[in-house]
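The values are calculated or read from the model by the stated rules, or taken from the named source; none is laboratory data. Keep in mind the model is a prediction, meaning the values are calculated, not measured. All Cβ positions, glycine included, derive from the backbone under ideal geometry; neighbour counts span all protein chains shown. Keep in mind that these areas ignore ligands, DNA and RNA; they rest on the heavy atoms of the full protein, side chains included. Shrake-Rupley method; radii C 1.70, N 1.55, O 1.52, S 1.80 Å.
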Amino acid sequence: MVKKVAILANGGDVSGFNAVIRAIVKTAEENNVECYGFIEGYKGLLNNEYIRLDTYNTASGILHKGGSIIGSSTNSNVFHYKVEENGQVVYKDLSDKCVQNVKDNGFDCVFTLGGDGTQKSARDLSLKGINIIGVPKTIDNDVACTDITFGYNTAVSVAAEAIDRLHTTGETHHRIMVLEVMGRYAGWIALESAIAGGGDVALIPEIPYDINKAAEKIRKRVEKGKRFSIVVVAEGAAPKDGTMSVESTRDNGVGVDNTKLGGAGQRVAKELEALTGLEARNTTLGYMQRGGTPTAFDRVLSTKYGSKAMELALEGKFGVLAVLKDGKLDSVPLEDVVGDNKEIGAVSGNTKESNIRRVTMDHDLVKTARHIGICLGD
Ligand code: F6P
């Protein structure tokens, strides 16, 4: 019998975190289950910091709010936790402390809201005997085994609106307008927002690009009287035989991808300017894609995911991820979601080796883009 549960939100934030939290809490309340939230993801689980969540007080009025009322953490891999010992930085496996905290507090289930890195740790904690149910989050839409993650639709909407705005200024000044969007190893945001916003070129990590192809597309448009073009570039897009654009490094722990991407859009803009003779301007959309109000779609998706997760808990189905498969709510073992990458065990995953869902060449979005003449750089 599930009587007391806890939620943790982990990894880079997305719009929809709060909507999932609210749905879990509401479904819990309907079934006389007490709900708690760990503060700042796995960090709160490790430090045993949590608050009571109820829809009349702490979890009230949050459906439309961005961010996370219980915070989130991007650098708290409890299996490789950064600690200082005698002035030295060392990484320790503190997962047993987390297991103990769950047991001591009497939590019958922990819901892990996060991407592939978060779910890897969830899988590992579940192997240690904790009842875990994951919920797939990330704006990149790259969690394996599910059709869609919460937060993605909002990111696409923000990017599409940006493209609309770039359209009018690009058209006025006869420029190539480049928009760099997020998408480290998966180009879902770039591809879908290019279709939604009427982009002419979309460059994604899955297709190493030939800049000449993009230039050709733009030249053709000029020949037909269109003296402006819209180019959407995923931050992880790289030229054929080239590398991704790295801005700096970040400190998200060991075993994870610590590159901070940036510069892909600027690089494409410069090259297109040189090749076409048209002026080009880059805009990097950045964290606008993660913050703010979720779309109606994301509110509904998050609510479905949250209530499904609680339903799974009531059914005693643990060690799974709530997913959407062919439009229907379902669950899959966490092992299927992150199992290809056992040795990493990272909280902030997103490494090349991660078991992430990338854009496939037979996907409808790729086919649609090609059908309507969007250049994908190949
Ligand atoms: O994983 C989601 C994501 O938005 C990536 O697209 C991006 O590279 C990364 O987060 C940036 O995360 P942060 O700057 O918060 O470490």
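I want to verify the translational diffusion coefficient of region 244-316 in µm²/s; compute it with Stokes-Einstein, Rh as the Kirkwood radius over Cα pairs, at 37 °C and 0.692 mPa s. Intermediate results must be reported in sequence, preceding the final value.
Details: Rh = 16.6 Å.
The estimated diffusion coefficient comes to 198 µm²/s.
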Region 27-144: D in µm²/s via Stokes-Einstein (Kirkwood Rh, Cα pairs, 20 °C, 1.002 mPa s)?
139 µm²/s
Computed over the Cα atoms of the chain, the Rg and Dmax in Å are 21.6, 71
With the crude spin-label approximation of a point 7 Å out along Cα→Cβ, what separation in nm comes out for Asp326 versus Ile372?
2.7 nm
Beta bridges by DSSP in the chain, antiparallel share as percent, to the nearest 5
35 percent
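Return a whole-number percent for the relative contact order of the chain, with Cα pairs under 8 Å and 6 or more residues apart as the contact set.
Averaging sequence separation for qualifying contacts and normalising by length gives 24 percent for the chain.
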With a ≥ b ≥ c taken as the square roots of the eigenvalues of the C-alpha gyration tensor of region 1-67, please select rounded if a/c is under 1.5 and otherwise prolate if a/b is larger than b/c or oblate if it is not?
oblate
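Too long at a 27 Å Cα-Cα cut-off: which of Lys65/Lys97; Lys217/Lys270; Lys65/Lys103; Lys220/Lys240; Lys65/Lys304?
On the way: Lys65/Lys97 32 Å; Lys217/Lys270 16 Å; Lys65/Lys103 32 Å; Lys220/Lys240 22 Å; Lys65/Lys304 17 Å.
Lys65/Lys97; Lys65/Lys103, as the Cα separations exceed 27 Å there.
Leaving ligands and nucleic acids out of the surface, order Asp241, Asp326, Asp96 by accessible area at 1.4 Å, largest first. Please list the in-between numbers first.
Values: Asp241 165, Asp326 145, Asp96 100 Å².
Sorted descending by solvent-accessible area, the residues read Asp241, Asp326, Asp96.
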Going by Cα centres, region 243-311 and region 1-71 are how many Å apart?
26 Å
Checking rank on 132-140, 80-88, 289-297, with mean other Cβ inside 10 Å and highest first, the result is 132-140, 289-297, 80-88
At 1.4 Å probe size, what's the solvent-accessible area of Asp251? Round to the nearest 10 Å².
80 Å²
Non-local residues with an amide H under 5 Å from the amide H of Gly16, with H modelled 1.01 Å from N and Pro and chain starts lacking one, are Gly67
Local net charge near Lys4, Cβ-Cβ under 10 Å (Lys/Arg +1, Asp/Glu -1)
-1
Descending accessible area (1.4 Å probe), largest on the left, turns His363, His173 into His173, His363
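If a/c stays under 1.5 just call it rounded; otherwise compare a/b with b/c (prolate if a/b is bigger, oblate if not). Do that for region 158-227, with a ≥ b ≥ c from the square roots of the Cα gyration tensor eigenvalues.
Numbers: a/c = 2.47, a/b = 1.27, b/c = 1.95.
Verdict is oblate for region 158-227.
How would region 160-300 be classified by its alpha-carbon gyration tensor: rounded, prolate or oblate, with rounded meaning a/c under 1.5 and the a/b versus b/c comparison settling the rest?
Numbers: a/c = 2.09, a/b = 1.32, b/c = 1.59.
Oblate shape, in that a/c is at least 1.5 and b/c is the bigger or equal ratio.
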For all pairs of alpha-carbon atoms in region 82-143, what percent lies in each bin of width 10 Å, listed from the first bin to the last filled one?
20, 40, 29, 11, 0
Ranked order, Leu285, Leu191, Leu94 - accessible area, probe 1.4 Å, largest first
Leu94, Leu285, Leu191
Out of Val256, Val233, Val90, a Gaussian network model of the chain with alpha-carbon springs under 10 Å gives the largest mean-square fluctuation to Val90
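Among all helices in the chain defined by DSSP H, which have a length of 15 Å or more along the axis from Cα atoms plus a Kyte-Doolittle mean of at least -0.5?
On the way: long enough: 17-30 (20 Å, 0.43); 95-105 (16 Å, -1.38); 116-127 (16 Å, -1.02); 152-173 (31 Å, -0.29); 211-223 (18 Å, -1.11); 264-276 (18 Å, -0.22); 296-314 (27 Å, 0.13).
Those that pass (Cα extent of 15 Å or more, hydropathy at least -0.5) are 17-30, 152-173, 264-276, 296-314.
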Under 12 Å from the Cβ of Gly37, count the other residues' Cβ atoms, weight Lys and Arg +1, Asp and Glu -1, and hand me the total.
-2
222 nm mean residue ellipticity, helices alone, for the chain (DSSP H n ≥ 4; -39,500 (n - 2.57); rounded to 500)
-11000 deg cm²/dmol
